[in-house]
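In what follows, a single structure is set out as structure tokens and then discussed.
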There are 2 protein chains.
Amino acid sequence: MDQPDLGKLFNPASIAMIGVSAEGGKWGHIILLNILKGNYQGTVYPVNPREEAILGYKCYPTVRAIPDKVDLALIVTPAQVVPSLMDECGAKGIPFVVVITSDFSETGSEGAELEREVVARARKHGIRVVGPNSMGIFCSTSNLHAQMPPLMPLQGSVSMLSQSGNLGVQILGWGEQQGVGFEKFVSSGNEGDLNCVDFLRYFGQDEDTRVILAYLEGIDPGTPLVEEAQAISRKKPIIVFKGGRTAAGGRAAASHSGALAGADRIFKGAVEQAGMLGVTTSQALLDCAKAFANYPLPKGNRVGIITRGGGWGVITADCCDENGLVVPPLSAALIQRLDEFLPPYWSRGNPVDLVATIAYDPYPECLEILADWEGVDAVLALGVGSLLPSYPFSHEVKGPPQLLEAIHRASQDFERQIQNSDNILHGIGRLVKRAGKPIIAVGLGSEASHKTNLEEFQVVSFPTPERAVHVLRQMYKYRRFLDLRAS
Amino acid sequence: MDQPDLGKLFNPASIAMIGVSAEGGKWGHIILLNILKGNYQGTVYPVNPREEAILGYKCYPTVRAIPDKVDLALIVTPAQVVPSLMDECGAKGIPFVVVITSDFSETGSEGAELEREVVARARKHGIRVVGPNSMGIFCSTSNLHAQMPPLMPLQGSVSMLSQSGNLGVQILGWGEQQGVGFEKFVSSGNEGDLNCVDFLRYFGQDEDTRVILAYLEGIDPGTPLVEEAQAISRKKPIIVFKGGRTAAGGRAAASHSGALAGADRIFKGAVEQAGMLGVTTSQALLDCAKAFANYPLPKGNRVGIITRGGGWGVITADCCDENGLVVPPLSAALIQRLDEFLPPYWSRGNPVDLVATIAYDPYPECLEILADWEGVDAVLALGVGSLLPSYPFSHEVKGPPQLLEAIHRASQDFERQIQNSDNILHGIGRLVKRAGKPIIAVGLGSEASHKTNLEEFQVVSFPTPERAVHVLRQMYKYRRFLDLRAS
């Protein structure tokens, strides 16, 4: 088949939803509900021969009866009728069909036969198919929420392809909690027709997509994944989470998606060669998305660390070292500049340990000096927004009035510390733009607080230094890939 | 010196607080405030020759002037006066002194000289010293909050020794967010007198301590860490996070605590030999604490996985395999039992994939069958409490009344799902006790929700399968250590 332009798949002017149900709790009901409450800007035509209207929208008995041109059909019927529906969609001239229906090749040879039939009929009509056994698609620019769970992902520039629908949609939901916004999402299901490479290629060309995430379980041996990915990686990063890396995972993948899990070592090599960035945890997938979508790349692997406490500096330096990042000593000129703000006994090393001072906070000045220094390509700013949860003191205390007054004053100090922390975050947001370097903040805090750091201050932050270092490592790796390609 | 009984250090009947300050924002003020608002049950005697009273409490001009026996002195004065204060404490017969004051060996040779003087005088008087350069101590059973930040850690059975005060107190604060309760904490500072092994030994004997955490940077070559740890590990787990594992981390540690970071390979060997459990991320330290403190150990390394979606099962099986855990196939008898609850096309494998069903949730029954099966030693229960954040639909939707009603009904479904999720959690809590196996829940959710899972349902849960697997691996490792020692 030709290389498809998937523009109309993600931005359809009109949708036929085949197999809608009046009954709440059925997928044919929930997906229509998602589309409608998602404020989709095109027209939806529910198709159901037994209902007059569903959710207040007129039902059409067949696709043919729809009085308008249709760009996309969603199918949520039982499996047996899908082949004949393909003929109906063909007759109507519909270019794209998403088959949500399961019970195809993932359940055995009988299902596989039915799937081949569906694809054969689609090909006859020139229809391109997502699925079957897809959990649907999402597109932020067209407000299209044609996916099974009632998600409202945040808007953003990350697009994701997932060979597991469930894993994919959970990542979308998680992104909502952690402040990672998505542009497009596709659950590619059994990939009877359109496959992972088709979607990667499209995301590679898509101007609204800045970062690509892929959860992969199996790739057909003939698929030109490496060639395509290599071309795309020159333009934008592809972050890959591969399921079925091990014998146990491979068995699970085979029974789940019917995919033959590729030998992991071969796959790993392909990932490296194509400039894709491999991650091995679900959290890392999202952490990378957040950083790549919002921050400039480092020019090299030299990291400046600023900390309010020695131990955090030590474990962060360890983690950098273990991940191929360098923590260079400070230059004499830099030390001299920092001397102006720090007490005489400061360590004069990298990590820059500010030492516990409470009367005056030298953090903003020292961070700025460190970030501007040409000796580092990235900065890890530890202890930002890391307010301890016991503040303010809400529990009952008995004692003399002087004690209660002091507790009250300490609570006010707490407010000032929040303000101070916000100022530092605001400063980091500005510094990233000015210095053109990634400055990742690390601080104890809830997912909600890290989401706020991004939304309010444009600062990428994580609760642990290890997560921040892992992200920096991937950014550096990608930068090196680009540099090698450019030279 | 003799092996000290540190009972009175953590459970003093009376405290002299030397160097209290009337000025809010100074450590001599904040620590007294922490002790008072922490509802310490003994008596605190503030010592300051220039004040009549502080926070409504009478001040004593000297330690000698205190009319009572004193079990513990806290020192927050400038460094130069600490040696003479040691003489005063000696004259008063005080057995324990915590020196919060810094500016000792961590700042250079002059400070090191002063530190030797402090320790020499303490030894002359038979005083045991914590620090100098300590961030203080905490004890839950005596309500003693003698630490620098105004923390109110949750009560629990985990005790922690930290060679970095800052890292230690952040872990306490983090524990408060994540539901991990602490019994005792000590920031051992420069370890001029009492050292990490003294504290480990005491925590090993302490009946209120079930799990020991240690953040270590440097251990004196002559210290019998391995021998002591080996004896303690037979009784309770010691989870060790080692800072200064690398060249970069080692340099940072040297400038911070003055500790000579031990060669990492040697240290790693010592950890293994002593049955200690080494972790390399700050999050893993706390995750292990949570699991070890609240769950039984697995008897072997066979893991049952239950999931609502294939992809999550695949990546969890991968992670188990990569961490030395086995994901065994199901027995024919077990499959037969599960057949009763699952649709005909279920995978009949481990992970047990429940397949997306929404009308009826077979999760509780299938989980119980899997947990009771003698073929697995532990269970990972995926997708528990993993409600997507877009629920309920709070944003504005325009449309016909039927649509708005359907959205309202879906919101009610959401309430039922919360109830259902709570029922599953409740069931897991009961199952862990009955089956005597760790059943770790995994579900998208805020730190607060995982705290609730533990506090309300006695269920250990994490937001990602990878964190759960890491914890299981450590539990299995510890079990194997115990089994080898017993045989």
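Values quoted throughout were computed directly from the atomic coordinates according to the rules given, and no laboratory measurement underlies them. As the structure is a computational prediction, the values presented were derived from the model and not from experiment. No Cβ is skipped: glycine too gets one built from the backbone with ideal geometry, and neighbour counts run over all protein chains shown.
Among residues other than B:GLU110 with Cβ under 13 Å from its Cβ, the summed charge is -4 (Lys and Arg +1, Asp and Glu -1). Each other copy holds its own label point for B:GLN419; taking that point as 7 Å from Cα along Cα to Cβ, the gaps run 4.8 nm, nearest first. Charges were assigned to the Cβ only: +1 to each Lys and Arg, -1 to each Asp and Glu. The resulting dipole of chain B about its Cα centre is roughly 580 debye. Legend: mean number of C-beta atoms from other chains within 10 angstrom of residue C-beta atoms, peptide A:462-474, equals 2.
Quick query: amide H of B:THR43 versus all other amide H atoms, modeled in the peptide plane; which residues come in under 5 Å with a sequence gap of 5 or more or a different chain? HN-HN under 5 Å from B:THR43: B:SER14, B:ILE15. Computed from the alpha carbon positions, the gyration tensor of chain B leads to an equivalent ellipsoid with semi-axes of 49, 27, 18 Å, biggest first. For A:SER140, nonlocal amide neighbours, meaning residues 5 or more places apart or on other chains whose placed amide H falls under 5 Å from its own, are A:LYS184. Over region B:191-254, Cα pairs under 8 Å with separation of 6+ residues give a relative contact order of 35 percent.
Placing dummy labels 7 Å off each Cα toward the beta-carbon, the span from B:ALA13 to A:ASP5 is 8.9 nm. The angle between the Cα long axis of helix A:247-256 and the longest principal axis of the Cα atoms of chain A comes to about 40 degrees, rounded to the nearest 10. Inter-copy label distances at A:LEU482, shortest first and taken from points set 7 Å along Cα to Cβ: 5.2 nm. With the Kirkwood sum run over all distinct C-alpha pairs, region A:1-142 has a hydrodynamic radius of 15.1 Å. Close amide H partners of A:CYS59, meaning residues 5 or more places away or on another chain with modelled amide H under 5 Å apart, are A:ALA53, A:ILE54. In chain B, the DSSP beta bridges split such that about 15 percent are antiparallel, to the nearest 5. Averaging the sequence gap over all C-alpha pairs within less than 8 Å and six or more residues apart, then dividing by the number of residues, gives chain A a relative contact order of 11 percent.
When DSSP beta bridges are restricted to pairs lying wholly in the protein assembly as shown, around 15% turn out antiparallel. Taking the Cα atoms of region A:263-370, the ratio Rg/Rh between the radius of gyration and the Kirkwood radius comes to 1.09. Debye-formula intensities of the protein assembly as shown, expressed as log10 I(q)/I(0) at q = 0.10 Å⁻¹, are -1.17 (one equal scatterer per alpha-carbon, no solvent).
Translational diffusion coefficient of region A:1-77 (Stokes-Einstein, Kirkwood radius from Cα pairs, 37 °C, 0.692 mPa s): 255 µm²/s. Across all Cα atoms of region A:153-294, the radius of gyration (one decimal) and Dmax (whole number) stand at 13.8, 39 Å. Output the relative contact order of region B:1-136, whole-number percent, from Cα pairs under 8 angstrom with separation of 6+ residues. Averaging sequence separation for qualifying contacts and normalising by length gives 22 percent for region B:1-136.
Here the Karplus relation 6.51 cos²θ - 1.76 cosθ + 1.60, evaluated at θ = phi - 60°, turns the backbone of region A:373-382 into coupling constants of 5, 6, x, 10, 9, 7, 10, 9, 9, 7 Hz, with x for every Gly and Pro.
Residue by residue, region A:294-300 carries 3J(HN,Hα) couplings of 10, 10, x, 6, x, 7, x Hz when phi is fed to the Karplus relation 6.51 cos²θ - 1.76 cosθ + 1.60 (θ = phi - 60°); x denotes Gly or Pro. With label points defined 7 Å past Cα in the direction of Cβ, position A:ASP68 shows copy-to-copy spacings of 8.2 nm, given to one decimal and shortest first.
Shape descriptor for region B:331-374: Rg over Rh equals 0.92 (Cα atoms; Rh from the Kirkwood inverse mean 1/r). Could you give the angle, 0 to 90 degrees to the nearest 10, between helix A:363-372's Cα long axis and the longest principal axis of the Cα atoms of chain A? Taking Cα atoms only, the helix is inclined about 70 degrees. Once the Kirkwood radius over Cα pairs is known for region B:295-486, the Stokes-Einstein relation at 37 °C and 0.692 mPa s delivers a diffusion coefficient of 187 µm²/s.
Beta-bridge orientation, region A:1-136: approximately 10 percent antiparallel, per DSSP, counting only bridges with both partners inside. Applied to region B:221-232, the Karplus parametrisation 6.51 cos²θ - 1.76 cosθ + 1.60 on θ = phi - 60° returns per-residue 3J(HN,Hα) values of x, x, 6, x, 4, 4, 4, 5, 4, 4, 5, 5 Hz, with x for Gly and Pro.
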